[in-house]
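To start, the structure under review is shown below, and the notes come after it.
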Amino acid sequence: MNYCVRCGAKPFVRATPELLLCRSCFSERIEKRVAKTIKQYNMLHYGCHVVVGLSGGKDSSVLLTILKKISLSGTRITAVIIDEGIEGYRPDGVKEALKIAEGLGVESFVYSYRSLFGYTLDSMLEVPPFGKSSCGVCGTFRRKALNQAAADLLADYVATGHNLDDEAESILLNLVRGDFDRFTRQTRTPLEQDRKSFVPKIKPLVLISQPEIVYYALANGIDYYDGTCPYADQARRNSIRNFLFDQEKRHPGTLLNLVRMQDKLSLSYRDEILPLLTAINPCTVCGDPTDSTTALCAGCKFIQEIEHQKRDQ
Ligand code: SF4
Ligand code: ZN
C-alpha cells in the first residue's frame, strides 16, 4: 500500500500523478493556495468585513469553511444567503446554508428576491424573459441582492464561490461572444474605478478546480446541498464547459493557462483600455451601478417589463 508522500498517513487523493496525499495534507495544500490567491490578487485588506454569498452548494460552502479556517487576521466574515424563490429547490438549499453557517459560527442573513424586488424568480419567469436565459435573469437579481446586502451590512467585499472551472468558462464565453467590455472587466483583483460604484466582488477559489472542491468537501465532511435547479439551462455555457473539460483531461493545465493568459493580457493593456469602455453610471430608479446605455439597470428594466406585461394579461 502507498502512503501520503508528505506525512506517511493513509492516502486520500492523488492530487497530481506524483502526489498522493492524506486528507489533512490535501486540505492544507488547498487552504494554502487560497491564502496565496488572496494575497497575490490583493483581494482583502487588514480589518475588512467580507460578506460571503452562501448558497449551501459545494463551492460557497467550501469557500466559507476555508475562509474561516485560514482565519485572515482581523477579517470579519458574514454569510448572506440569497433566496431566489424557486419552489422545490431553494428552500432545502437555504436550510443547508443556514446549517453550514451555524456550524462554522458565522452570522448569516437571508435576502429574498420577493422582499427585495416584489417577485420570486418563479413568478418573474412566468413572463417571457425577452432574450435573456433564466440564469441570465436570476444572475442579474443575485448581483443586485448581494450588492444590497453588502451595503446594508457595511461590508468591504462580497466573496463568491466561483472556481477555476467557472472562471475559465467565463473567459472563453466572453471571447466567443465578442464581449470585450466583460472580458476586460473580468479581473481577479477588484478594479479601482469600479470600487467607487460597487462593493468589490472577490473570488478566492479562482485557482481551485471543481474536482479539488469536491475532494475538499469530502475530506472535511462538509455536508453541502446537492439539488439541481429546475431552470439550469445554460446551453452555451454547458457546451463551453464540456469542451474545457475535455481539453483539461487531454492537456492538464488548460484552465489555469486561460486564467494566467488573461492576467498577462490585462496587465499589458488595462490602463489604456478601461477608460474607453462603457461608463458605469447609477441607475435612475435604484441607484445600482449600470453600464447600460439607458438610464435603468438591467434589473429595473426587467421589473418594468414584468409589470407592463402583467398589466396587459
Ligand atoms: Fe439561478 Fe440558473 Fe443558478 Fe437556477 S441555475 S439558481 S436559475 S443561476
Ligand atoms: Zn436599477
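A short reminder: the numbers here are calculations on the coordinates, not readings from a lab. Given the structure is predicted, the values throughout are model-derived calculations rather than measurements. Positions of Cβ are generated from backbone atoms using ideal geometry, with glycine treated the same way; all protein chains shown enter the neighbour counts.
Over the chain, what is the relative contact order in percent, taking alpha-carbon pairs closer than 8 angstrom and at least six residues apart?
The value is 19 percent.
Using the Karplus equation 6.51 cos²θ - 1.76 cosθ + 1.60 (θ = phi - 60°), what ³J(HN,Hα) coupling, rounded to whole Hz, does each residue of the range 80-96 give in order, writing x for Gly and Pro?
With the stated coefficients, the range 80-96 comes to 10, 10, 9, 9, 6, x, 10, 4, x, 9, 5, x, 5, x, 4, 4, 5 Hz.
So for the pair LYS36, THR284, with labels modelled 7 Å out along Cα→Cβ, what separation do we get in nm?
Calculated label separation equals 5.1 nm.
Among LEU44, GLY299, TYR119, whose Cα sits farthest toward the positive end of the charge dipole of the chain (+1 at Cβ of Lys/Arg, -1 at Cβ of Asp/Glu, about the Cα centre)?
Checked the options; the winner is LEU44.
Over 19 Å apart: what share of the alpha carbon pairs of the range 205-313 falls there, rounded to a whole percent?
72
How big is the antiparallel share of DSSP beta bridges in the range 1-115, given as a percent to the nearest 5?
Restricted to the range 1-115, the bridges split so that about 25 percent are antiparallel.
Set the Förster distance to 35 Å, then compute FRET efficiency between TYR269 and HIS45 from the Cβ-Cβ distance, nearest 0.05.
0.85
Using DSSP to call loops (not H, G, I, E or B), can you name the chymotrypsin sites (Phe, Trp or Tyr not before Pro) in the range 1-80 whose Cβ has at most 16 other Cβ atoms within 10 angstrom?
Answer in residue order: TYR3, TYR46.
Between ASP291 and ASP181, what length in nm is gained on full extension when 0.36 nm per residue of separation is reduced by their alpha carbon distance?
Full extension from ASP291 to ASP181 adds 38.6 nm.
Going down the list LYS36/LYS58; LYS39/LYS301; LYS32/LYS132; LYS95/LYS144; LYS32/LYS249; LYS69/LYS132, which pairs span over 32 Å between their C-alpha atoms?
Result: LYS39/LYS301; LYS32/LYS132; LYS69/LYS132 exceed 32 Å.
Can you compute the FRET efficiency between MET261 and ALA151 using 1/(1 + (r/R0)^6), with r the Cβ-Cβ distance and R0 = 45 Å? Round to the nearest 0.05.
For R0 = 45 Å, the calculated efficiency reads 0.85.
Can you tell me the relative contact order of the range 39-173? Whole percent, Cα pairs under 8 Å, sequence separation 6 or more.
Relative contact order, the range 39-173: 32 percent.
If we restrict to alpha carbons, what Rg and Dmax does the range 1-128 come to, in Å?
In Å, with Rg to one decimal and Dmax whole: 18.8, 59.
Given charges of +1 on the Cβ of Lys and Arg and -1 on the Cβ of Asp and Glu, with all other atoms neutral, how large is the dipole of the chain about its Cα centre, in debye to the nearest 20?
920
Just to compare against my own numbers: the Cα pair-distance distribution for the chain, 20 Å bins, whole % per bin, please.
Bin by bin from 0 Å, the calculated values are 29, 61, 10, 0.
Which whole-number percent is the relative contact order of the range 159-265 (Cα, under 8 Å, 6+ apart)?
With pairs under 8 Å counted, the relative contact order is 40 percent.
Looking only at Cβ-Cβ distances, which cysteines of the chain have no other cysteine closer than 4.7 Å?
Isolated Cys, the chain: CYS7, CYS25, CYS48, CYS135, CYS138, CYS229, CYS286, CYS300.
Report the label-to-label distance for LYS132 and LEU98 in nanometres (one decimal), using points 7 Å from each Cα along the Cα→Cβ vector.
Each label point lies 7 Å from its Cα, and together they span 2.8 nm.
At 7 Å along Cα-to-Cβ for each site, give me the label-to-label distance between HIS308 and ARG29 in nm.
5.4
Determine the percent antiparallel among the DSSP beta bridges restricted to the chain, to the nearest 5.
25
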